[in-house]
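Novice: Okay, here's the structure, questions in a sec.
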Amino acid sequence: MTVNASTGDVLIGRLIDGRYQVNQRIARGGMATVYLATDLRLERRVAVKVMHSHLADDSAFTSRFIQEARSAARLAHPNVVSVFDQGQDSDIAYLIMEYLPGITLRDLLKDYGKLTAEQTVDIMDSVLKGLAAAHESGIIHRDLKPENVLLADDGRIKIGDFGLARATTAHTASGQALLGTIAYLSPELLTRGTADARSDIYALGIMMYEMLTGEQPFTGDQPMQVAYQHAHNDVPRPSILNPNVPPELDELVVWATQRTPAERPASASTLLDALITAERALKRPTEATGLTTQQTVVMPAGESPRTDSTRVLTGSVRQVGTETDAVARLHVSAETRKKRGLWLIIATIALAALGGGLGWFFTAGPGALETIPAVAGMNPAEAKSTIEDAGFVVKSGQANSSTVPAGLVAGTDPTEGSLVQRGSTITVLVSIGPKMLPVPTLVGLPEAEAKTLVTSAGFKVGTTSNLFSAEIAKGTVIRALGTDGTDLGSTYADGANITLVVSAGPVPDVVGKTIEEATATLRGAGLTVGANTEEFSDTIEKGLVISLVIPEAGLKPGDVVNVVVSKGPDLVDVPNMVGWTIADALAKLSELGFDASTNTPEIYRDELLVKSQSAVGGTKRGSTVMVYNP
């Protein structure tokens, strides 16, 4: 049967490279989907990891995918998932890996909440052995988390998914969006984007904390909140949350999760040695009594969780001090289970079938959860395609947004980043611009009251400026402006900034003051005196201020203001015109700018001479000057 390749799935029943018959899907991740298949050549079941088709054109993803095969293929260790083959078949890039029926550490934590100290030591023993082999081969994992620790039904424990592996000497930045799971990333990966073997140690320390307490040390609603805590906070001791945690394991977690890489164990081998020492210390109280040590058993898929977290093994159980590893102990527990009665076998099969059915339902079936992709800011067509590729049904909607331009996607309902059931309907909300809200009356209000009203009406207070005003009291709002600098209308965008122009009171009165006095007064009000101009004044003495030059837009504190200074009255010398004809005297006075007048009839003015005049010498221009005969 075929599945649309654009969704990231491949064909169930397809024969890959003429050899691997795909049977069913096991899991789906960020880069690839894992299928159960049959190797027809060797007649064995294998896991096929197929890169998502929409990533195949990205050379970086393809290189990372091939790198996983090369990194894992270099590791031949019982605690590392084996990679058998890698290739390209038409549009499919694939890896062929060892198939391990069982569960992951994440599944175990979901079933039990938290593990005992003994269980934690057993599992970490196997994980550290596999990781030590990787570190000794010059490889770091970079994505250690419970999902990548596989617990097989036969008791084997293996590390898988080396998709982010790099050489330990590379120290390269991860680029783009810091790949890996944020809850387990080391501070140096989050802050500098670089990693070495000690970054894997940090991730193991976080895993140990979670195994011992049932919780991650740092949580938050957003990935950046978790990242900030990793970078700035110390991981607490597990015993704070679970008092049953022994001090030896407390110390291991604290050592492995030091924020400074140099203060952590240098490699998995170093931490493994410390774990073995801690395990021996945990068993010393038992040695004194001569009792057999109770061994930890990881419950396989299909077996119901028990209220007790450890089980006592019989027969080949090791005595205190024996160095049998976790793989051998889990194998012994599996053999013991096989010897139980028929009723237990039937019950186990039934539970396994139920667990498998539930596992399929919640991983590959209709109950599987997927993360809604982030599409805010995309155009609607691009967002629709992205969400459909993630396995959802899309419908369109609208929403107001003060940050996303109209016509682009403002978000989704449910919100992007949420985990929802695959196949659910997701509403893509296209921005119709900001919501328009009524603007309250702000002019004439005191500044503090106006700011409160702006906020309560759904807007933000922007910058506040002052303007001198002789008509409006100081501290009172003169104008309310939008972001474009114009007066607000009756409605305005939700959440937008409003600029308030507030009265600074009247400009200080400096008329009649000397220029020095005026400069000091204006400076005290926040104004700077600029150029001085002079004008004649009949009322203001020479050298004193007549007025200020105030621009049409008004003055605000910090502005430069020009000053007009008096030159005193405008005086003109009136000559002594006695003996002049009346007509000549009148013409001269008019020429000098005076209002010339006489008591002589006009018909005699060319003949009669001036006998006297009303003013001689400095006289105010424009005033009336009389000439007389007699």
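The values are calculated or read from the model by the stated rules, or taken from the named source; none is laboratory data. In this text, all values refer to a predicted model and were calculated from it rather than measured experimentally. With ideal geometry, Cβ positions are generated from the backbone for all residues, glycine too; neighbour counts draw on all protein chains shown.
Novice: Report, by residue number, each residue of region 221-266 that is closer than 22 Å to R192 by Cβ and of a type in the set (D, E, K, R). So that I can check it myself, show each step before the final result.
Specialist: Step one: list which residues in region 221-266 are closer than 22 Å to R192 by Cβ, which gives 222-235, 255-266.
Hits for region 221-266 are D234, R259, E263, R264.
Novice: Something else about it: Given the criteria over 30 Å from E471 (Cα atoms) and not in a loop (DSSP other than H, G, I, E, B), does I546 qualify? Before the answer, list the steps.
Specialist: Working: over 30 Å from E471 (Cα atoms): no; not in a loop (DSSP other than H, G, I, E, B): yes.
Spelling it out, it is not the case that I546 is over 30 Å from E471 (Cα atoms) and not in a loop (DSSP other than H, G, I, E, B).
Novice: Looking at G407, is it modelled with pLDDT under 90 and assigned to a loop (DSSP other than H, G, I, E, B)?
Specialist: no
Novice: Next question, about the same structure. Which of (1) farther than 30 Å from E43 by Cα; (2) surrounded by fewer than 21 Cβ atoms within 10 Å (Cβ to Cβ); (3) in contact with a helix residue (DSSP H, G or I) (Cβ under 8 Å, 6 or more places away or on another chain); (4) of a type outside the set (S, T, Y) does I123 not meet, given it meets every other one?
Specialist: (2)
Novice: So which of L190, L282 ends up being more than 30 Å from the chain's Cα centre (by Cα) and either free of Cβ contacts under 8 Å to residues at least 60 places away in the same chain or assigned by TED's automatic domain parsing to the domain that holds L109 (or both)?
Specialist: L282
Novice: From the set of residues in region 390-404 that are modelled with pLDDT under 90 and of a type outside the set (G, A, S), which is surrounded by the most Cβ atoms within 10 Å (Cβ to Cβ)?
Specialist: V404
Novice: Next question, about the same structure. Which of the residues belonging to region 129-142 are buried (at least 21 other Cβ atoms within 10 Å of the Cβ) and of a type in the set (D, E, K, R)?
Specialist: Listed by number, the residues that qualify are K129, R142.
Novice: Now for a separate question. Given L151, L100, L115, which one is hydrophobic (A, V, I, L, M, F, W, C), surrounded by fewer than 22 Cβ atoms within 10 Å (Cβ to Cβ) and touching a Gly at 6+ places or on another chain (Cβ under 9 Å)?
Specialist: Exactly one residue qualifies, and that residue is L100.
Novice: Quickly run through region 416-428 and pick out the residues that are in a loop (DSSP other than H, G, I, E, B) and more than 10 Å from T371 (Cα to Cα).
Specialist: The answer is G423, S424.
Novice: Same structure again: Given (1) aliphatic (A, V, I, L, M); (2) crowded, with 19+ Cβ neighbours inside 10 Å; (3) closer than 30 Å to D221 by Cβ, where does A457 come up short, assuming only one miss?
Specialist: (2)
Novice: Considering only residues that are in contact with a Ser or Thr (Cβ under 6 Å, 6 or more places away or on another chain) and small (G, A, S), look in region 118-146 and name the one that is nearest to P217 (Cα to Cα).
Specialist: By that ranking, first place goes to A132.
Novice: Only residues that are crowded, with 19+ Cβ neighbours inside 10 Å and basic (K, R): list them for region 238-280, please.
Specialist: Matches in region 238-280: R264 only.
Novice: Restricting to region 437-453, count the residues that are out of contact with any Leu (no Cβ under 6 Å at 6 or more places or on another chain), farther than 15 Å from T476 by Cβ and aliphatic (A, V, I, L, M).
Specialist: Going through region 437-453 one residue at a time, the tally reaches 1.
Novice: Would you mind stating whether E118 is in contact with a Lys or Arg (Cβ under 6 Å, 6 or more places away or on another chain) and not aliphatic (A, V, I, L, M)?
Specialist: no
Novice: Next up: Kindly indicate whether L131 is at pLDDT 90 or above and under 22 Å from D273 (Cβ atoms).
Specialist: yes
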